[in-house]
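Here the structure is laid out as structure tokens; the discussion comes afterwards.
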Amino acid sequence: MTHLTKAILLVGTLALGACTNADRFDNADAVDLNAQNMAAANTGIDQTALTGANNPASPQYFSQTIGDRVLFEVDTSTLTAQGRATLDGQAGWLATNSDYLAVIEGHADEQGTREYNLALGARRANAVREYLISKGLASSRVRTVSYGKERPLAVCSDESCYAQNRRAVTIISIGQGS
Amino acid sequence: MMTKFMTFLAAMMIALSATTSAQAQEPLRLTLRDGVIEALPFAIPTLQAEVAGSEQMANDISRVIAEDLNGTGLFRQIPSSAFISTPGVFGTPVAFADWRAINAQALVTGAVAVNGSQITVKFRLYDVFSGSEMGEGLQFVGTTDGWRRMAHKVADVVYSRITGEAGYFDSRIVFVAETGPKDDRAKRLAIMDYDGANVQYLTDSSAIVLAPRFSPNGDRILYTSYESGFPRINVLNVASVTRQQLTTSEGDMAFSPRFSLDGRQVIYSLIQGGNTDIFRTDLATGQHQRLTNTPAIETAPSFSPDGSQIVFESDRSGTQQLYIMSANGGEPQRISFGNGRYGTPVWSPRGDLIAFTKQESGRFHIGVMRTDGTEERLLTSSFLDEGPTWAPNGRVIMFARETQGADGTTALYSVDITGRNLRRVTTPQGGSDPSWGPLQQ
Amino acid sequence: MKGVASICFALLAGGVAAEDRPAWMTGFIHDVSQCWNITQADDPWPVIEINFELTREGVPLPDSFVMTEASAASETATQAAFASARRAVLRCGMDGYDLPAEHFELWQHVAMTVDPTQIVRQ
């Protein structure tokens, strides 16, 4: 429980950071986490070659190369084939990088009432969580949170934006002491 | 009454059939079944300043009374430029002929006296065409910083005496004040007078806050906050602006809270393993009770005014629809059967209607229906209208409207339950999730 | 916004066809309906009966109005209904209703049932 509590605090910080930064995966918190890993690698190795998405153990690799999000059809929480493929990658990465914990954020587009969308976002986040658990992720390493329609990525009011907003995003963080 | 009436009718038929001058003393019996529905013209000459230095306050109070009445759409202020005469000293006889001549049907006269921080407002309401006073004159005494409330109280009495309904002007709204673009929106809890005056902020914008709800007597506010990183319900004391988290049943996330009528219990939605059900928590004992138990999304619960039933939304049928169940849970009855999706039901304080948000063919509506689902009426239509809340007298509904596109903003609107008088409520920033508090004491 | 006039004479309800009503009666009730302002059609006021008197010129006497019956409702609603009906009769009768002088004894005293329950929602 102590591990989880600390992780929640960390995730809470990430979530707050997201309040002022829509694209949280480029934000300072994520880079800082990575910097801990980079410190040991700094000597004698070309630093630029291993940064970011080129380092398979980095959060950037997780978010950019594997893909940190899956998208959903209107008013559904069913995983698409593409979504399952992405989650297979996530499950593999989390199996390798076992010191990371995950929080799944569920989101909805703006076409719905606030309450319903919160519940729908929770369904989507849970669908992802259960899939990851089915692929071997320990249930203690993954939590869910729903933002409903409160945190859209794309702001236009048509399907091109709605499709990007109907998403579940896997936010990873180092679990202290794992 | 009708039986007696019919008897009388029969008697009249006999009287008529034997038409002679002997029956001339009988009254002519007629039934009026139709009229007009239009704003009632009223005059409110600027209240008199009874004490030197009260003039500004008298002006301001007169203006707010008129704005309250005009704002209902049921009354229409006659401009002072049309006045033939001005009233004499407050309480002296009124020259009704002068007011009849400009077709004023109601006349409000009054006087204001400011003494230090104390303010006294007196007023009388007249029925111009019968040349009589409607009810007795009244006097309110308060402090100068509460002058708007005194104006609202006068307007509430005028409204009530003319319409026969309780007023709603001396009441407050708690809502979510919104600033910033859609993808970086800051939300703060805010409280204001019903007309948008006296906005005060109750939280900062460091965490998302949603859907505040007044307690029945207005002393506390329930709302959902992401302070912890997850949606949880907070209870905020309005007077001290202190808050604490509501202890709920075990669950990942809690939201959509509402007080019971006695303010002792909270009903809310709790998410457990991705599934949303409705629960109830007793604030004093901390006991929790599950009220729904299905794999469907069950949310937005609202008590009936007698506390015996709960209306809520569920997608158990496949789409969002409205259901009513006992306050203790149990098998619910579906009440919405129209096309489209129905959400956020709110029971009217009079008990006769349920207001809701409806989505149909890409449009959102605020509507009302009887508690058995009949007589559905849609009051508004736009790209996104949602979250109705009732005025304390059950005649007016406030809701949030969001405009379309990247530059979309939210604003509060009100509409009466006949669908007339749609008005934007002036707020300093965007606003959403209004909750209308009770008439203040 | 004006409602459709639906005029009824209880007096004639027992079998006299509408077209047989004297024109002055139709005109009288129609005139009153033009001044009867129903502030809130959605939730009707109680049904009331008012009695009043008219002068030979057809002008209602303000002090003659009394409410003789009312269906169950709050005192506030009943008083509002009475005030509204009285206002209607007085306003439209300021210059005198168009009534036949030769039948003064027929219309000098009026008992008017005021029933907003049939008003059509809009």
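No lab work stands behind these numbers, since they all come straight from the coordinates. No experiment lies behind these values; they were computed from the predicted model shown. Cβ sites come from the backbone with ideal geometry, for glycine too, and all protein chains shown count toward neighbours.
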**Q.** Gaussian network model of chain B, Cα within-10 Å springs - most flexible of B:Ser81, B:Ser382, B:Ser361
**A.** B:Ser81
(Q) Among A:Gly106, B:Ala155, C:Phe28, which residue has its Cα furthest toward the positive end of the charge dipole of the protein assembly as shown, with +1 on Lys/Arg Cβ and -1 on Asp/Glu Cβ? (A) A:Gly106
Q.
Quick check on chain B: helices-only [θ] at 222 nm, where DSSP H runs of length 4 and up contribute -39,500 (n - 2.57) each and the sum goes over total residues. Nearest 500, please.
A. -4000 deg cm²/dmol
**Q.** Sites B:Ala284 and B:Val241, calculated FRET efficiency, Cβ-Cβ separation with R0 25 Å, nearest 0.05
**A.** 0.65
Q: Report the charge-dipole magnitude of the stretch B:173-247 in Debye, nearest 20, computed about the Cα centre from +1 at each Lys and Arg Cβ and -1 at each Asp and Glu Cβ.
A: 220 debye
Q.
Using a 10 Å cut-off around each Cβ of peptide C:27-36, what is the average number of partner chain Cβ atoms that fall inside?
A. 3
Q) Between B:Asn421 and B:Glu67, what length comes free when the chain is fully extended (0.36 nm per residue of separation minus the Cα-Cα distance, one decimal in nm)? A) 126.1 nm
Q. Each label point is 7 Å from the Cα along the Cα-to-Cβ direction; what then is the distance between the points at A:Arg84 and B:Asp352, in nm?
A. 5.5 nm
Q. Relative contact order, percent, of the stretch C:39-118 when contacts are C-alpha pairs under 8 Å separated by at least 6 residues?
A. 47 percent
Q. Under a GNM of chain B (C-alpha, springs under 10 Å), which listed residue has the highest mean-square fluctuation: B:Gly167, B:Gly263, B:Gly116?
A. B:Gly116
Q: Using a Förster distance of 22 angstrom, determine the FRET efficiency expected from the C-beta separation of A:Ser98 and B:Ser228, and round it to 0.05.
A: 0.25
Q. Can you give the average number of partner chain beta-carbon atoms within 10 Å of each beta-carbon in peptide B:134-144, as a whole number?
A. 1
Q | Table column - 3J(HN,Hα) (Hz), the stretch B:271-281, Karplus curve with 6.51, -1.76, 1.60, x for Gly and Pro | A | 9, 10, x, x, 9, 9, 10, 9, 10, 9, 10
**Q.** Candidate aspartates and glutamates - alpha carbon under 18 Å from A:Lys135, same-chain residues fewer than 8 apart omitted
**A.** A:Asp68, A:Asp88, A:Asp99
Q: Note the full-extension length gain between B:Asn198 and B:Glu331 as 0.36 nm times their separation in residues minus their Cα-Cα distance, in nm to one decimal.
A: 43.5 nm
Q: Compute the Cα gyration tensor for chain B, then decide on rounded, prolate or oblate, letting a ≥ b ≥ c be the square roots of its eigenvalues: rounded whenever a/c is under 1.5, prolate when a/b is larger than b/c in the other cases, and oblate in all that remain.
A: oblate
Q) Each label point is 7 Å from the Cα along the Cα-to-Cβ direction; what then is the distance between the points at B:Thr143 and C:Ala23, in nm? A) 6.9 nm
Q | Exposure proxy order (Cβ contacts within 10 Å, fewest to most) of B:Thr426, B:Thr292, B:Thr242 | A | B:Thr242, B:Thr426, B:Thr292
Q. Roughly how many Å is it from the Cα centre of the stretch B:194-239 to that of the stretch A:117-178, as a whole number?
A. 26 Å
(Q) Nothing charged except the Cβ atoms of Lys and Arg (+1) and of Asp and Glu (-1): what's the magnitude of the dipole of the protein assembly as shown about its Cα centre? Round to the nearest 20 debye. (A) 1300 debye
**Q.** Average beta carbon contacts from partner chains per residue of A:80-89, 10 Å cutoff
**A.** 0
Q: Quick one: what are the phi-derived ³J(HN,Hα) couplings along the stretch B:420-432, Karplus 6.51/-1.76/1.60 with θ = phi - 60°, whole Hz, x for glycine and proline?
A: 8, 6, 5, 9, 7, 8, 6, 10, x, 10, x, x, 8
(Q) Under 5 Å between amide hydrogens, which residues at least 5 positions from C:Val47 or on another chain qualify, with H placed 1.01 Å from N in the peptide plane? (A) C:Ser71
Q.
Taking the Cα centroid of the stretch B:34-85 and of the stretch B:92-136, what is the distance between the two, rounded to the nearest whole Å?
A. 10 Å
Q. What residue among A:Leu137, B:Thr294, B:Tyr223 has its Cα farthest toward the positive end of the dipole of the protein assembly as shown, where the charges are +1 on Lys, Arg and -1 on Asp, Glu, each on the Cβ?
A. A:Leu137
Q) Over the stretch B:146-291, what is the relative contact order in whole percent, taking alpha-carbon pairs under 8 Å and six or more residues apart? A) 12 percent
Q) Looking at the square roots a ≥ b ≥ c of the eigenvalues of the Cα gyration tensor of the stretch C:39-118, which shape do they give, rounded for a/c under 1.5, prolate if a/b is larger than b/c, or oblate? A) prolate
Q | Test item: Cα-centred dipole of the stretch B:171-439, Lys/Arg +1 and Asp/Glu -1 on Cβ, debye | A | 340 debye
Q: Sticking with the crude label model, points 7 Å out along Cα→Cβ, report the distance from B:Ser85 to B:Asp262 in nm, one decimal please.
A: 5.8 nm
Q.
Let me make sure I get this right: for the protein assembly as shown, a, b and c are the square roots of the gyration tensor eigenvalues over alpha carbons, sorted descending. Under 1.5 in a/c it's rounded, otherwise prolate if a/b > b/c, else oblate. Which is it?
A. prolate
Q) Relative contact order for chain B: what is it in percent, counting Cα pairs under 8 Å that are at least 6 residues apart? A) 10 percent
